[in-house]
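J.: Structure below; questions to follow.
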């Protein structure tokens, strides 16, 4: 019903609009419609840098919302427009004229787009061998389409912190702020998220992980959406305490936490860390465990009679001298009958002349041992069994027998755990060390507090900022570490990058182990509502330089990321303060980062080769963002950058000379071949061999984005 009501609102004829609305209202009373996946009109985006042309869908710069027009003619900078219902046939009876300067081009999501990356700024401190991080100023839907061309199936971790849909007018749908008075705000949010999550899923590796943070406003809806879209993944929610002071809402509990959904694909799984992210104390390693089983349904003597046997212990040397006949052997010999679980052995029985220990629990119940008698002797020989008098003077067993489990035995034999010697009884003496453990599903870590380490950190980096609710970089860091662990490489994508916290988290992780992980950040250049209104009154709108410099990407995300690397304030002075590990903020990080703005190309220019310089950054990204990016207009027969591991053949007839030049560059991993002939491309690819990845230009680029339709992009209904 949301889609129908959106359409009705755009009918120019008032009488017709009211009549249809009344009929729909009556229909709604007789039939209940679901909320969660109500479809809305196609999402749209304004593209202020595109020139207005005949046939374009446009909107008035000064108007919010999404009242659209179709340009039918342009004469002397005046556009004649027909009123349009977006994505549907134009209204016939609405026609107006507007100055072209008052209009902005609009695109429906699903319209073919041909993206380019325009360099804005860069900072280089990581040296030539470290890959570059990338920050893109763009609507994230179009950025995801671009990234699918570069990185389909190649991203290790996607971490996003989308709008929480609190009703506080903190996000837009079709250029309109969504607030708590919008009865369809939940379905609009789900519609927005579904489109992006379907694309994002295709970027992940087969064993990739998607992390989405959220609060209570959409946590339930998000969980359903993720499990439907990612039906083959294992989805788990983690609770993260982010505000110990609590956030009060009238009539509700004081909220102290947020949530992170982890979608694990393929063999992906959380990795052990030095802390479980819940316990306040740091656990130490435990190597020794009781040899007897804590009695469960499958550990009763009747279930495992072969593991019920006496163990002989020399009380002087504290060594195991052997083992006696098992309960199974006694049953087979006819010595034991009836209820095996309540059978009691002879307490005076000896094994090789020494007192025997049976697997009794402290309650007096008979249970089973963990291993067979034969395996026990083998483990004891290697020092993996320990015999001691019980600390509490337990008279039921007389002796406490412990052993080292299989996983710890592997750590010991591999040298990961130090052996300091042996006890008199032969048991190994092991070096105490900190224990690693898989994080719990509830995290309570002081550094995750968004107020203390999110807002305060951002102020330290930028001074006064209007950005609301930044995440603690330590919380983001732990989310990523819980997946990548000790892996020192990998691609992390954040397409709701906001203030750039994810980059800071990745830089912190890299600094801790000299890693080369790299992240791709995408954020729009949204200007907050108050500032946007003031700029509009002054005559500045989206696309104007004065307007754009106040947006999130240009005024917050880029300066923050730059300052994190350089260790400098915006004015060039040293940052004050330090990270929790003692590293001064002024030390910065040895990282490389380039800032781009997404632009759109005319496909005709691309086909002619006139857009080579505009798509060159995309080729550099495909080749792994290795080496400082270089520009070229594509006027030479080929382009082989000095530092990046890719090459482009521009003039097909120069292939032989091009191939000879490649022989001098052993690091080339990607080759882009400009040719219209499939046959010639196949021939050149065979000649170059399988060691390089070959891509046909401009065919692959144009076809990839020409197929940019909801169906091709997997935008199917999730029911």
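The values are calculated or read from the model by the stated rules, or taken from the named source; none is laboratory data. Quick caveat: nothing in here was measured; it's all calculated off a predicted structure. We place every Cβ from the backbone using ideal geometry, glycine too, and count neighbours over all the protein chains shown.
J.: Please work out if residue 642 is assigned to a loop (DSSP other than H, G, I, E, B) and under 20 Å from residue 699 (Cα atoms). Spell out the reasoning first.
T.: Values: assigned to a loop (DSSP other than H, G, I, E, B): yes; under 20 Å from residue 699 (Cα atoms): no.
The answer is no for residue 642.
J.: Filter the stretch 283-313 down to residues that are over 27 Å from residue 437 (Cα atoms) and either at pLDDT below 95 or crowded, with 17+ Cβ neighbours inside 10 Å (or both), then give me how many there are.
T.: Result for the stretch 283-313: 14.
J.: Exactly one condition in (1) closer than 30 Å to residue 197 by Cβ; (2) in contact with a helix residue (DSSP H, G or I) (Cβ under 8 Å, 6 or more places away or on another chain); (3) loosely packed, with under 13 Cβ neighbours inside 10 Å is false for residue 241; which is it?
T.: Tallying (1) closer than 30 Å to residue 197 by Cβ; (2) in contact with a helix residue (DSSP H, G or I) (Cβ under 8 Å, 6 or more places away or on another chain); (3) loosely packed, with under 13 Cβ neighbours inside 10 Å, residue 241 fails exactly one: (3).
J.: Another question, if that's okay. Within the stretch 209-237, count every residue that is within 16 Å of residue 194 (Cα to Cα) and touching a residue at least 40 places away in the same chain (Cβ under 8 Å).
T.: Going through the stretch 209-237 one residue at a time, the tally reaches 12.
J.: Can you tell me how many residues within the stretch 95-118 are at pLDDT 90 or above and in a loop (DSSP other than H, G, I, E, B)?
T.: Going through the stretch 95-118 one residue at a time, the tally reaches 0.
J.: Let me ask something additional. Being surrounded by 24 or more Cβ atoms within 10 Å (Cβ to Cβ), modelled with pLDDT of 95 or more and part of a loop (DSSP other than H, G, I, E, B) is the filter here, so list the residues in the stretch 498-527 that pass it.
T.: Passing the criteria: only 500.
Rundown of residues vs (1) within 16 Å of residue 400 (Cα to Cα); (2) under 56 Å from the mean Cα position of the chain (by Cα); (3) in a loop (DSSP other than H, G, I, E, B), yes/no style:
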{"residue": "313", "(1), (2), (3)": "yes, yes, no"}
{"residue": "336", "(1), (2), (3)": "no, no, yes"}
{"residue": "345", "(1), (2), (3)": "no, no, yes"}
{"residue": "348", "(1), (2), (3)": "no, no, yes"}
{"residue": "355", "(1), (2), (3)": "yes, no, no"}
{"residue": "362", "(1), (2), (3)": "yes, yes, yes"}
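J.: For the list (1) assigned to a strand (DSSP E or B); (2) over 30 Å from residue 417 (Cα atoms); (3) touching a helix residue (DSSP H, G or I) at 6+ places or on another chain (Cβ under 6 Å), I need the number of the one condition that residue 320 fails.
T.: (2)
J.: With respect to residue 475, determine if the residue is touching a helix residue (DSSP H, G or I) at 6+ places or on another chain (Cβ under 6 Å), without any contact (Cβ under 8 Å) to a residue 60 or more places away in the chain, closer than 21 Å to residue 275 by Cβ and not in a strand (DSSP E or B).
T.: Answer is no for this residue.
J.: Among the residues of the stretch 576-600 satisfying the criterion of being buried (at least 19 other Cβ atoms within 10 Å of the Cβ) and not in a strand (DSSP E or B), which is nearest to the chain's Cα centre (by Cα)?
T.: Result: 591.
J.: With the condition kept exactly as written, say whether any residue in the stretch 467-487 is in the same structural domain as residue 572 (by TED's automatic domain parsing), at pLDDT below 95 and over 20 Å from the mean Cα position of the chain (by Cα).
T.: Yes, the stretch 467-487 has at least one match.
J.: Could you tell me how many of the residues in the stretch 217-228 are in a helix (DSSP H, G or I) and crowded, with 20+ Cβ neighbours inside 10 Å?
T.: 3
J.: Still on this structure, please answer the following. Given the criteria modelled with pLDDT under 90, surrounded by 13 or more Cβ atoms within 10 Å (Cβ to Cβ), under 32 Å from the mean Cα position of the chain (by Cα) and part of a strand (DSSP E or B), does residue 83 qualify?
T.: So residue 83 fails the test.
J.: Please work out which one of (1) in contact with a helix residue (DSSP H, G or I) (Cβ under 9 Å, 6 or more places away or on another chain); (2) at pLDDT 95 or above; (3) under 30 Å from residue 62 (Cβ atoms) is the condition residue 558 fails and give its number.
T.: (1)
J.: If you take the residues in the stretch 452-472 that are in contact with a helix residue (DSSP H, G or I) (Cβ under 8 Å, 6 or more places away or on another chain) and outside any helix (DSSP H, G or I), which one is surrounded by the fewest Cβ atoms within 10 Å (Cβ to Cβ)?
T.: 466
J.: If you go through the stretch 651-682 one residue at a time, how many are crowded, with 19+ Cβ neighbours inside 10 Å and over 15 Å from residue 700 (Cα atoms)?
T.: Total meeting the criteria: 3.
J.: Quick check on residue 214: is it under 16 Å from the mean Cα position of the chain (by Cα), more than 30 Å from residue 600 (Cα to Cα), at pLDDT 90 or above and buried (at least 22 other Cβ atoms within 10 Å of the Cβ)? First the steps, then the outcome.
T.: On the way: under 16 Å from the mean Cα position of the chain (by Cα): yes; more than 30 Å from residue 600 (Cα to Cα): yes; at pLDDT 90 or above: yes; buried (at least 22 other Cβ atoms within 10 Å of the Cβ): yes.
Against the criterion (under 16 Å from the mean Cα position of the chain (by Cα), more than 30 Å from residue 600 (Cα to Cα), at pLDDT 90 or above and buried (at least 22 other Cβ atoms within 10 Å of the Cβ)), residue 214 qualifies.
J.: Only one of 159, 177 is modelled with pLDDT under 90 and not in a loop (DSSP other than H, G, I, E, B); which?
T.: Testing whether each residue is modelled with pLDDT under 90 and not in a loop (DSSP other than H, G, I, E, B) leaves just 177.
J.: Of the numbered conditions (1) in contact with a helix residue (DSSP H, G or I) (Cβ under 7 Å, 6 or more places away or on another chain); (2) in a loop (DSSP other than H, G, I, E, B), residue 121 satisfies every one except a single condition; which is it?
T.: Unmet condition: (2).
J.: Now for a different question. Within the stretch 601-631, can you find the residues that are within 25 Å of residue 549 (Cβ to Cβ) and either assigned to a loop (DSSP other than H, G, I, E, B) or out of contact with any strand residue (DSSP E or B) (no Cβ under 7 Å at 6 or more places or on another chain) (or both)?
T.: Within the stretch 601-631, 601, 613, 629, 631 meet the criteria.
J.: For the stretch 418-435, state whether one or more residues are touching a residue at least 60 places away in the same chain (Cβ under 8 Å), touching a helix residue (DSSP H, G or I) at 6+ places or on another chain (Cβ under 6 Å) and outside any strand (DSSP E or B).
T.: no
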